[in-house]
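Below is one structure, written out as C-alpha cells; comments come after it.
The values are calculated or read from the model by the stated rules, or taken from the named source; none is laboratory data. Being a predicted model, the structure only gives us computed values, none of them experimental. Reconstructed Cβ throughout: ideal geometry from the backbone, glycine too, with neighbour counts over all protein chains shown.
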Amino acid sequence: MILNGVEIRDSFAEAFPMVGTRLIITADTAKWAMIAAKTMTGFATSVIGCGCEAGVEREIPAEETPDGRPGVAVLIFAMDIKGLKSVVPNRIGQCVLTSPTSACYAGMEGGESISIGKALKYFGDGWQIAKKVGDKRIWRVPVMEGEFVCDHETGSVSGVGGGNVLILGASRREALEAAEAAVEAMSKVPGNILPFPGGVVRSGSKVGSKYKGMFASTNNFYCPTLRAQTETKLPPEVASVQEIVIDGVSFDAVSACTRAGIEAVVKLGRDKGIIAIDAGNYGGNLGPFHFKLREIMA
Amino acid sequence: MSGIVLTPRGAFEARVDLTGALPGADLASLKIGYGGRRVALAELFEISGAADGRLTVAGGGVELDNVAAGLTDGEVVVEGDVGARLAQGATGGAVLVKGSAGDYAASELAGGKVTVEGDVGERLGAASAGARRGMSGGVVTVGGSAGVRAAERQRGGVIVVKGDTAEGAATDMIAGTLAVGGALGAKAGRGMKRGTLLLHSPEGLAAGFADAGEHDLVMLRVLVRRSAELAAFLGADATRARRFAGDLNAAGQGEALVFSR
C-alpha cells in the first residue's frame, strides 16, 4: 500500500493487555493543573523500568471538571491491578497532593476500584474530613496551603498497551518532524496516551538481549547505523526511525489513534522525506492485540 | 394525576399508621393501624388509578403517621400535611409533602429524596427512640422551619432547612451536612463529633465552637456541583466561608461554615 508516496508496510503492531485508570487533576490555573499532571505522569514511559506507563490524555475546560477549575485528564496503565493499586496512590501522594492548589478526582467509573483519598487521607493525621454527597465520598486533607481535596477512589479499565507506529525517514530531522506531526494528531484522539518523551521514542527495543538480566535491548533491525553488521528491515534510503507508542483504554481507541498518526505522517508524504510506515511486533505470538496497518488505513 | 391515588373517605377520628402503603404494594388487601384497631386501607381511603411507581395521597392530615416509611423506590406525593415519622428508614425513592410534617420526619433515612414544602416537627433526620444513629444518607429539603433537635445524631446525607431551626440542631451529630437558611436556635452543634453545618450566621452555635477564620474552600465547589440542593442553597459560585470548628468541648471535629449573604 502506497499513500502519498509513503509505503504502508504489510505489518502490524503487537500490543498487550494492561489495566488502567483515568484521573482528573484540577488547580486554580491551567498552568498548575498541567504542572501537577506532568509531574505525576513523569518517569512513566515503560513498565519495564518505571512500573507503569502514564501520560496526559487531554486538557479539560473548567466548566467540565468536578470543581469548576481548569483540569487535566491523565491515564495510568500497569501490567496488573495490583501494580496499578500501588503506583496510583504513590504518584498522587508525591506529585499531586504536593502541587499548589491541586485537587484530584476519579476519571472513570466501574472496574476494580483504585484508592485515591482512601489511601491519602492518612496524611491528614486524624484531621482529615470525609464528605459524602450522593454516592460519592470526597476527602479534605488539611495542608499548609489550605485543603487538598480528592475523591475516595477511581475506577479501572482493561486497556491495551504497546500499540505503536514506526516512522522511517530519509533523515533524522525529517523523521522527527513527521513524528511531531503524528503526535499532534494522535493527542486529539480520546482514550489514549503516548507515554514517551514528547510522545516519541527514538530507541525502540526488541525483547531480550545478549546480556543476562536485560529484558529489552536496542532494536538492531531498525538501527540505520548497523546496516552492514546485522539483518536490517530498513530500505537503503532510510537514515532514521522514530517510534510512537500508544496505550489506550480499548482496542478501538488505540486503533483510531494509530490511524490518526499515520494519516498525519502520510499527509507530509514522500516529498518531506517519509519513506515508509512500519510497526513493531514479535511475530504475533506474544500479544493478543494486533493492529494491522493496512487494515487500519483501508 | 398518574399512578395510584388514595383519597380519604372522610375526616380521621384517630391516628392512621400508613406503614406498608407504598408504591408497588398490594394496597387492596393492606391492613393499616387506625387508633387501636387494624383496618383495611380501603376502609379509610378510596383507592383509584393504576400502579406505575407513583402513589398520591390526595388530601393529607396530621393524623397520617409513617407515610413512605421504609420506601425503597418509586414516588410518594402527599397533597397536604402528614404526621410523625415521614419516610422513616427509607432507602430510596422520592417523597414530596405539599404541606407540613410532624416529628421524626426522615429519621434514620438511608437514601432517596424527601421534600417537605412546609414546616417539620421535632427531630428531623434524627435517631428515633432506642436507635443509636439518625439519618445516614439521602437528601431532605424543608421549605419552612424545623423543630428542636433537627439532625440529632445525624450520620450522613444532606438536610437543607430553608427556614429556621429550633434549639439543639445537630446535637451529637456524627457526620453529614445540615444547611440552615434562617436563624439557628440556641445550642446548635452541642456534642457534635464530625459533620458540617452550613449557615448564614454563627449566632446560636454552642459554646464549644471556635473561629478558624475565613477560607476559600475547594470542597464547596465540589459540593455545589454534586448536589442540586446545596447548589440551590449556597449558589453555584460559593467558595468562601468562615469556618468554626467544634464541638471542641466534646473533642469534636465538626465544623460550621458561615456564608455571608
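Key figures for this structure:
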| read-out | value |
| --- | --- |
| Residue count, region A:20-42 (criterion: in contact with a Gly (Cβ under 8 Å, 6 or more places away or on another chain) and either polar (S, T, N, Q) or free of Cβ contacts under 8 Å to residues at least 40 places away in the same chain (or both)) | 3 |
| Unmet requirement for A:Asp252, which otherwise passes all of (1) outside any strand (DSSP E or B); (2) surrounded by 18 or more Cβ atoms within 10 Å (Cβ to Cβ) | (2) |
| Cross-chain or 6+ apart pairs with Cβ under 9 Å, region A:170-184 first and without any contact (Cβ under 8 Å) to a residue 24 or more places away in the chain, then of a type in the set (A, V, I, L, M) | A:Glu180/A:Val200 |
| Filter pass, A:Ala73 being in a strand (DSSP E or B), at negative phi and outside the structural domain of A:Pro190 (by TED's automatic domain parsing) | yes |
| Flag if A:Pro70 is over 22 Å from the mean Cα position of the chain (by Cα), farther than 28 Å from A:Ile262 by Cα and within 14 Å of chain B (Cβ to nearest Cβ) | no |
| Conditions (1) touching a Gly at 6+ places or on another chain (Cβ under 7 Å); (2) in a strand (DSSP E or B); number of the one not met by B:Val77 | (1) |
| Residues of region B:222-231 that turn out to be without any contact (Cβ under 8 Å) to a residue 60 or more places away in the chain and either more than 20 Å from A:Gly117 (Cα to Cα) or crowded, with 22+ Cβ neighbours inside 10 Å (or both), as a count | 5 |
| Close pairs (6 angstrom Cβ cut-off, 6 or more residues apart or separate chains): closer than 22 Å to B:Gly49 by Cα in region B:4-27, in a loop (DSSP other than H, G, I, E, B) and among the hydroxyl-bearing types (Ser, Thr, Tyr) anywhere | none |
| Matching residues in region B:214-235 - criterion: being within 11 Å of chain A (Cβ to nearest Cβ) and more than 23 Å from the chain's Cα centre (by Cα) | B:His215, B:Asp216, B:Leu217, B:Val218, B:Met219, B:Arg221 |
| Given (1) surrounded by 16 or more Cβ atoms within 10 Å (Cβ to Cβ); (2) more than 16 Å from B:Thr141 (Cα to Cα); (3) in contact with a strand residue (DSSP E or B) (Cβ under 7 Å, 6 or more places away or on another chain); (4) within 14 Å of chain A (Cβ to nearest Cβ), number of the condition B:Ala206 does not satisfy | (4) |
| Breaking point among (1) under 15 Å from the mean Cα position of the chain (by Cα); (2) within 14 Å of another protein chain (Cβ to nearest Cβ), for A:Val56 | (2) |
| Residue within region B:188-207 that is assigned to a strand (DSSP E or B) and farther than 25 Å from A:Pro142 by Cβ present | no |
| All strands (runs of 3 or more DSSP E) inside region B:16-63 with 2 or more residues being more than 17 Å from B:Val82 (Cβ to Cβ) | B:37-40, B:45-49 |
| Filtered residues of region B:154-165 (kept if free of Cβ contacts under 8 Å to residues at least 60 places away in the same chain and touching an Asp or Glu at 6+ places or on another chain (Cβ under 8 Å)) | B:Gly163 |
| Filtered residue count, region A:1-29, keeping only those that are surrounded by fewer than 20 Cβ atoms within 10 Å (Cβ to Cβ), within 25 Å of A:Thr154 (Cβ to Cβ) and in contact with a strand residue (DSSP E or B) (Cβ under 7 Å, 6 or more places away or on another chain) | 2 |
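Here's the yes/no breakdown for (1) buried (at least 22 other Cβ atoms within 10 Å of the Cβ); (2) free of Cβ contacts under 8 Å to residues at least 40 places away in the same chain; (3) assigned by TED's automatic domain parsing to the domain that holds B:Thr19:
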{"position": "B:Gly121", "(1), (2), (3)": "no, yes, no"}
{"position": "B:Ala126", "(1), (2), (3)": "yes, yes, no"}
{"position": "B:Arg132", "(1), (2), (3)": "no, yes, no"}
{"position": "B:Gly138", "(1), (2), (3)": "yes, no, no"}
{"position": "B:Gly143", "(1), (2), (3)": "no, yes, no"}
{"position": "B:Ala146", "(1), (2), (3)": "yes, yes, no"}
